[in-house]
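To start, the structure under review is shown below, and the notes come after it.
The values are calculated or read from the model by the stated rules, or taken from the named source; none is laboratory data. Only a predicted model underlies this, so the values are computations on that prediction, with no experimental measurement involved. Please note: Cβ atoms are built from the backbone with ideal geometry, for glycine as well, and neighbour counts cover all protein chains shown.
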């Protein structure tokens, strides 16, 4: 069974970097695409970006140059780094598998990240 | 970016049909997907490609539409279906989500 689990700090100070890990079991990240999605207080959802089976990436332009998604295939993990965070980055962050043909079919449980001094 | 418009809430009686709409600001062809999210849980994919039932999802759930107008239906509604439902398009980057429709009981 495919399982994803996010991990990382729940509290980040403004202007610092947010770093999260998504650990995948039951499926290799060298297949499919793997994304990060966040849900803000108030329920708005935002696709942040993904990393492909080959390691190529695509990011939401709204995040401009603040975002980076990388991976470690030996550990079957992929990572999110979001730089220069503000309080507006407070959200629940999810990692998910993007099925071929569209739609995120497996999700992690999510990690709540608060940006506050 | 493609904007997806959903009604914020829908009240329905148990055993009745619930129909949720999603309108895209431009055509997404059939690249529309539907998710259920219950409080405190991660989203769950129910429908992909506008009308295809995801694995393990009951046939009470269905989707239709193409282009800019899409419909998600639950028939009949059960108590366990009380949740927020989101549409999401993957036609164009950036992928975008609707604001969600909260399904409530009458």
Subject >> All strands (runs of 3 or more DSSP E) inside segment A:8-117 with 3 or more residues being more than 11 Å from every other protein chain (Cβ to nearest Cβ) and within 11 Å of the chain's Cα centre (by Cα) >> reply: A:18-25, A:67-72, A:77-82
Original post:
Looking at residue B:47, is it within 11 Å of chain A (Cβ to nearest Cβ), within 12 Å of the chain's Cα centre (by Cα) and either closer than 24 Å to residue A:107 by Cβ or surrounded by fewer than 19 Cβ atoms within 10 Å (Cβ to Cβ) (or both)?
Top reply: yes
Original post:
Is it the case that some residue within segment B:3-19 is buried (at least 18 other Cβ atoms within 10 Å of the Cβ), in a strand (DSSP E or B), within 12 Å of another protein chain (Cβ to nearest Cβ) and touching a strand residue (DSSP E or B) at 6+ places or on another chain (Cβ under 9 Å)?
Top reply: yes
Original post:
How about segment A:42-83: which of its residues are modelled with pLDDT under 95 and surrounded by fewer than 13 Cβ atoms within 10 Å (Cβ to Cβ)?
Top reply: A:42, A:64, A:65
**OP:** Could you grab me the full set of residues in segment B:20-35 that are free of Cβ contacts under 8 Å to residues at least 60 places away in the same chain, surrounded by fewer than 23 Cβ atoms within 10 Å (Cβ to Cβ) and either in contact with a strand residue (DSSP E or B) (Cβ under 6 Å, 6 or more places away or on another chain) or within 10 Å of chain A (Cβ to nearest Cβ) (or both)?
**Re:** B:21, B:23, B:30
**OP:** Tally the residues that are within 15 Å of residue B:88 (Cβ to Cβ) and touching a strand residue (DSSP E or B) at 6+ places or on another chain (Cβ under 7 Å), restricting the search to segment A:44-60.
**Re:** 7
Subject >> Hey, residue B:46 free of Cβ contacts under 8 Å to residues at least 40 places away in the same chain and not in a loop (DSSP other than H, G, I, E, B) or not >> reply: yes
